[in-house]
Amino acid sequence: YCTTVQIGRRREAGNYNGTWEKKESIRQNNDLDQQFVSLRIRKMLHKNIFWQFMTLESHQSRGVAGLVWSPDTVSHRDDQLRLLGTTLGWIRASGSTRLKLTMRNSHENYNNPYLSLDSDHTLNSYQLQLVHRQSFGPRWDLLADISINQDEIKSNATGDHKRQSFSASINPGINLFKIFKLVPSIKYQASPGLFDEVLSDMQFQILLDWGPLSHIAASQGDIYRYPSFNDLYWWPGGNPDLQPEQTRVTTAQFKFDMQDLGTLMLQWQKKESTNLIQWMPVHSYWQPENILSASRESSKIIWRLTKPVWHLST
């Protein structure tokens, strides 16, 4: 049984120097005042059944500085956030099952005297998720999950909206020739009247002993993202005409075990997107738009070294 309580506060002015058209100025109205309290409980109900509970409440008051070419020295946002999550889990020799319930509530007030705005937004989000892991001997394993989501927004600026969505995925793992693992994936996402999508993914992993090279992994799959309530109804700036974003992701990873010199990881990723959702500055605020097509690449080099005798980790 374990209980953790955290209470805190953070305050800062947040102002900084800025340059626009070769003129320097101090960017003002960036102040932040945040207070929070959280509680986390973990308990074993039986030798193979556990329960976890977490809740968080925070309040933020922050300035809205506007854009560098259109500063705002008086507008403010006040928002209150509440999170609650609980998990009931069963652990077995051949796998585990978890039932998760999460709830999120936020209330925000935005006051902008320049635009004569005083708006209130309340967002509620609920998710029920079942995750199951199962091993079928040394060659087969399975990861499956199903979730149900309910999202609601109530706003005096953009009206009231509700959305239900469902998702289910199945990821079988197949071990071949002791060093080769193949993980295909099928995911189904749907929301009545909005979208109905089937996505696929393929991943393979190779365990090696070629000098320092110990692991190779690669994958390719699809991501479908329907605009969030903030994308559609944020005020001011939400765009109700946004189209869903579709992305093909390709990744590659190489791991090197350098013994006394630690481990080295090389990672590469490429994303090819259609209707990429990107927030852009418009007049004195930001607004999301669809980019017809976008190609993005990223690379990472990660080195880790741990020396327990020296109490060193870097």
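The values are calculated or read from the model by the stated rules, or taken from the named source; none is laboratory data. If you're wondering where the values come from, they're calculated on a predicted model, not measured in any experiment. Because the Cβ atoms are built from the backbone with ideal geometry, glycine has one as well, and the counts that use them run over all protein chains shown. Note: areas computed on protein heavy atoms with side chains; ligands, DNA, RNA excluded. Shrake-Rupley method; radii C 1.70, N 1.55, O 1.52, S 1.80 Å.
Among Tyr126, Tyr110, Tyr1, the sequence by solvent-accessible area, most first, with a 1.4 Å probe is Tyr1, Tyr126, Tyr110. When nucleic acids and ligands are ignored and a 1.4 Å probe is applied, Ile174 ends up with an accessible area of around 40 Å².
Rolled with a 1.4 Å probe across the full set of protein chains, the surface gives Phe166 an accessible area near 80 Å². Keeping the other protein chains in place, figure out the carbon and sulfur percent of the accessible area of the stretch 201-303, with a 1.4 Å probe. That share works out to 55 percent. The lysines within cross-link reach of Lys300, meaning a Cα-to-Cα straight distance under 16 Å and a gap of 8 or more places when in the same chain, are Lys255, Lys270, Lys271. When the Cα gyration tensor is reduced to axis lengths a ≥ b ≥ c, the ratio a/c is 1.5 or higher for the stretch 253-314, and with a/b not above b/c it is classed as oblate. Estimated from helical segments only, the mean residue ellipticity of the chain at 222 nm is -500 deg cm²/dmol, where each DSSP H run of four or more residues counts as -39500 (n - 2.57). Computed with a 1.4 Å probe over protein heavy atoms only, the accessible area of Met202 comes to about 90 Å². Farthest towards the positive end of the charge dipole of the stretch 179-312, among the residues Pro308, Leu276, Gln253, is the Cα of Pro308, using unit charges on the Cβ of Lys, Arg, Asp and Glu.
Karplus-derived 3J(HN,Hα) values for the stretch 27-42, using 6.51 cos²θ - 1.76 cosθ + 1.60 with θ = phi - 60°, are 6, 10, 6, 10, 4, 9, 9, 10, 10, 8, 9, 9, 9, 10, 10, 10 Hz; glycine and proline are entered as x. Shown are Arg225, Arg27, whose ranking by accessible area with a 1.4 Å probe and every protein chain present, most to least, is Arg225, Arg27.
For Asn239, the amide hydrogen comes within under 5 Å of the amide hydrogens of Leu232, Tyr233, Trp234, counting only partners 5 or more places away or on other chains and with H modelled in the peptide plane.
For the residues Arg42, Arg77, a 1.4 Å probe over the protein chains yields an accessible-area ranking, largest first, of Arg42, Arg77.
Between Gln203, Gln127, Gln259, the residue with the greatest mean-square fluctuation in the GNM of the chain (Cα pairs under 10 Å linked by springs) is Gln259.
Pairs of lysines in the stretch 74-192 whose Cα atoms sit within less than 28 Å of one another amount to 6, provided the residues are eight or more positions apart or on different chains. Considering only Ala217, Trp69, Leu56, and ranking their Cα positions along the charge dipole of the chain that arises from unit charges at the beta-carbon of Lys, Arg, Asp and Glu, the one farthest toward the positive end is Ala217.
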